[in-house]
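Only one structure is covered here, and it is reproduced in the block below.
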Amino acid sequence: MMWWRDTPFVLGDAKRAHLQVQGLSAGYGAFLVLRDLRFEVKPGLTVILGPNGAGKTTLLKALMGLIPRQGLALLDGEELPDKTHEVVRGGVTLVAEGRQLFPQMTVLENLELGGWLVPKAERAHRIEQVLADFPKLRERAQQLAGTMSGGEQQMVAVARAMMSAPRLLMLDEPSLGLAPRMVDELLTIARRIADAGTTVLMVEQNVKKALAVADRGYVLERGVLVASGPARLLERSNVIREAYLGAGAADQTTASDAVQRRKTLANSGTHSGTHSAADAAAPV
């Protein structure tokens, strides 16, 4: 049995949210990680690529209000609050790296926590919708989350995030440490959620597979956006292919694996941020 049902997700609800980020800077104390980021996340699935230490997770934390930020982050024209619970109330959820489930609680109990903002009378209905979208979780509803595999736990984490029927779902490295088959399933689910109407912003190091399911991509390096474009064109860009995929790269090639190739290109004067539209990596 597949983890998801082979029909559109009920909880997508066709909200089609649009995120605009203007001059966003963020960091930790006096240490600035992100510098004057300007980008947008249109309805569909947008992926943020880049090597370890680029600031990808910091970006998601800043948008969620988990760390202070400067600049504007507008969701459908309204500024995102700076307090996390208010961000969630506004229709944004984050599946953090490492899943962060409660291991001594059952799958069902973890799902219920995802609906903490939902009126109690509606919570049972939401759970039923989630279990319809993730039928395999119905079989595991009474299983302790801590006894599940990493991939199974990630499915629970995504399902829990969908309990609030978000307008914007953010995923931080959903494929990290998972078997290739489970990576494929998770990225397919992310694509289906986007198709059903929930805007998806995904941070991912599996460059090839991420671009295969995304509509648009951005490349973040050392806290600065250096390239962007439609995913299908980014994947064909000579610079992106050489720096992040490599000639004949396997499906499991990650941005961190390719960082040395990227540095070599940078030192030689080749940079995706200055590439022409004909080469598909438009500068940000």
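Per-residue answers, yes or no, for (1) of a type in the set (A, V, I, L, M, F, W, C); (2) closer than 22 Å to residue 190 by Cβ; (3) touching a helix residue (DSSP H, G or I) at 6+ places or on another chain (Cβ under 7 Å):
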position: 103; (1), (2), (3): no, no, yes
position: 116; (1), (2), (3): yes, no, no
position: 120; (1), (2), (3): no, no, no
position: 123; (1), (2), (3): no, no, yes
position: 130; (1), (2), (3): yes, yes, yes
position: 133; (1), (2), (3): no, yes, yes
position: 138; (1), (2), (3): no, yes, yes
position: 147; (1), (2), (3): no, no, no
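Is it the case that the range 29-46 has a residue that's touching a Pro at 6+ places or on another chain (Cβ under 9 Å) and modelled with pLDDT of 95 or more?
No, the range 29-46 contains no residue that is touching a Pro at 6+ places or on another chain (Cβ under 9 Å) and modelled with pLDDT of 95 or more.
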Please work out which residue is surrounded by the fewest Cβ atoms within 10 Å (Cβ to Cβ), limiting yourself to the range 168-183 and to residues that are under 15 Å from the mean Cα position of the chain (by Cα) and of a type in the set (A, V, I, L, M, F, W, C).
176
Test: residue in the range 234-253 that is in a helix (DSSP H, G or I) and at pLDDT 90 or above:
yes
Looking only at the range 134-153, and only at residues there that are part of a loop (DSSP other than H, G, I, E, B) and of a type outside the set (Gly, Ala, Ser), the one that is nearest to residue 179 (Cα to Cα):
148
Looking at 145, 157, 165, 194, can you tell me which residue is more than 13 Å from the chain's Cα centre (by Cα) and closer than 29 Å to residue 76 by Cβ?
165
What about residue 71, is it farther than 18 Å from residue 233 by Cα and within 15 Å of the chain's Cα centre (by Cα)?
no
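Specify which of the listed residues (187, 211, 131) is touching an Asp or Glu at 6+ places or on another chain (Cβ under 9 Å), free of Cβ contacts under 8 Å to residues at least 40 places away in the same chain and assigned to a helix (DSSP H, G or I).
Of the residues listed, the single one that is touching an Asp or Glu at 6+ places or on another chain (Cβ under 9 Å), free of Cβ contacts under 8 Å to residues at least 40 places away in the same chain and assigned to a helix (DSSP H, G or I) is 187.
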Taking residue 226 and the conditions (1) touching a strand residue (DSSP E or B) at 6+ places or on another chain (Cβ under 6 Å); (2) farther than 29 Å from residue 88 by Cα; (3) modelled with pLDDT under 85, which numbered condition does it fall short on, given that it satisfies the others?
(3)
Can you report the number of residues in the range 140-171 which are of a type in the set (Val, Ile, Thr) and touching a strand residue (DSSP E or B) at 6+ places or on another chain (Cβ under 8 Å)?
1
Residues in the range 120-135: is at least one among the aromatic types (Phe, Trp, Tyr) and surrounded by fewer than 19 Cβ atoms within 10 Å (Cβ to Cβ)?
no
Leading residue by the ranking (surrounded by the fewest Cβ atoms within 10 Å (Cβ to Cβ)) among those in the range 69-81 that are farther than 16 Å from residue 170 by Cβ and among the acidic types (Asp, Glu):
78
Output the residue which, of all residues in the range 219-233 that are of a type in the set (A, V, I, L, M, F, W, C) and not in a strand (DSSP E or B), is surrounded by the fewest Cβ atoms within 10 Å (Cβ to Cβ).
233
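The values are calculated or read from the model by the stated rules, or taken from the named source; none is laboratory data. Here the structure is a predicted model, which is why all the values come from computation and not from measurement. No Cβ is skipped: glycine too gets one built from the backbone with ideal geometry, and neighbour counts run over all protein chains shown.
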